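The values are calculated or read from the model by the stated rules, or taken from the named source; none is laboratory data. Since we're looking at a predicted model, the values are computed, not measured. Cβ coordinates were reconstructed from backbone atoms using ideal geometry, including for glycine residues, and neighbour counts include every protein chain displayed. These accessible areas exclude ligands, DNA and RNA; they are computed on the full protein's heavy atoms, side chains included. Shrake-Rupley method; radii C 1.70, N 1.55, O 1.52, S 1.80 Å.
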Amino acid sequence: QVELVESGGGLVQPGGSLRLSCATSTPFFSIAKMGWYRQAPGNQRDLVATIIGSDSTDYAASALGRFTISRDNAKKTVYLQMNNLKPEDTAVYYCNAYIIGREFWGQGTQVTVSS
């Protein structure tokens, strides 16, 4: 079992920024495909961004240009820098790890964008 612990969510005004973190202790972190997903009430869980290795990234259209995913293999942590946040970004954000054919999820962190 791989434990993923998210942090960094909260309440922010439109146009503001937040940085989410997801820490793990798995020895396989450096080879893991890491990702962030989000789920708003009544909606399905959607992809936000993924990262493989240090610089192979993929983004949802809604995140492109505003969000940046990155990782620190020494700290076994993946980040999601979110800028120019909009009310429609309000959701629970989940960290995801895909390691050697298995998928793991964090418990989620709430992001609320409201004035």
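Taking first residues from the range 20-49 that are under 10 Å from Leu80 (Cβ atoms) and of a type in the set (D, E, K, R) and partners that are open to solvent by 10 Å² or more (accessible area, probe 1.4 Å) and assigned to a loop (DSSP other than H, G, I, E, B), the Cβ contacts under 8 Å between residues at least 6 apart in sequence or on separate chains come to Arg38/Arg45. Filtering the range 54-80 to residues that are surrounded by 15 or more Cβ atoms within 10 Å (Cβ to Cβ) and assigned to a strand (DSSP E or B) leaves Thr57, Asp58, Tyr59, Phe67, Thr68, Ile69, Ser70, Arg71, Thr77, Val78, Tyr79, Leu80.
Anything in the range 102-115 that is in contact with a Pro (Cβ under 8 Å, 6 or more places away or on another chain) and exposed (fewer than 12 other Cβ atoms within 10 Å of the Cβ)? List them, or say none.
Looking only at the range 102-115, we keep the residues that are in contact with a Pro (Cβ under 8 Å, 6 or more places away or on another chain), and these are 113-115.
Selection gives Ser114, Ser115.
The residues of the range 27-41 that are part of a loop (DSSP other than H, G, I, E, B), at pLDDT below 95 and surrounded by 13 or more Cβ atoms within 10 Å (Cβ to Cβ), listed by number, are Phe28, Ala32. All conditions in (1) open to solvent by 10 Å² or more (accessible area, probe 1.4 Å); (2) assigned to a strand (DSSP E or B) hold for Gln44, with the sole exception of (2). Which residues, counting only those in the range 28-49, are of a type in the set (Val, Ile, Thr) and under 22 Å from Gly16 (Cα atoms)? Within the range 28-49, Val48 is the sole residue that qualifies.
When the residues of the range 50-69 are filtered to those that are out of contact with any strand residue (DSSP E or B) (no Cβ under 6 Å at 6 or more places or on another chain) and more than 22 Å from Asn84 (Cα to Cα), the one that is modelled with the highest pLDDT is Ser56. Screening the range 1-12 for residues that are in contact with a Ser or Thr (Cβ under 6 Å, 6 or more places away or on another chain) and within 14 Å of Gln110 (Cα to Cα) and picking the one that is surrounded by the fewest Cβ atoms within 10 Å (Cβ to Cβ) gives Leu11.
Suppose we filter Ile51, Ile99 for residues that are touching a helix residue (DSSP H, G or I) at 6+ places or on another chain (Cβ under 8 Å), open to solvent by less than 80 Å² (accessible area, probe 1.4 Å) and of a type outside the set (Ser, Thr, Tyr); which single one remains?
Working: Ile51 fails: touching a helix residue (DSSP H, G or I) at 6+ places or on another chain (Cβ under 8 Å).
None of the others qualify; the one that does is Ile99.
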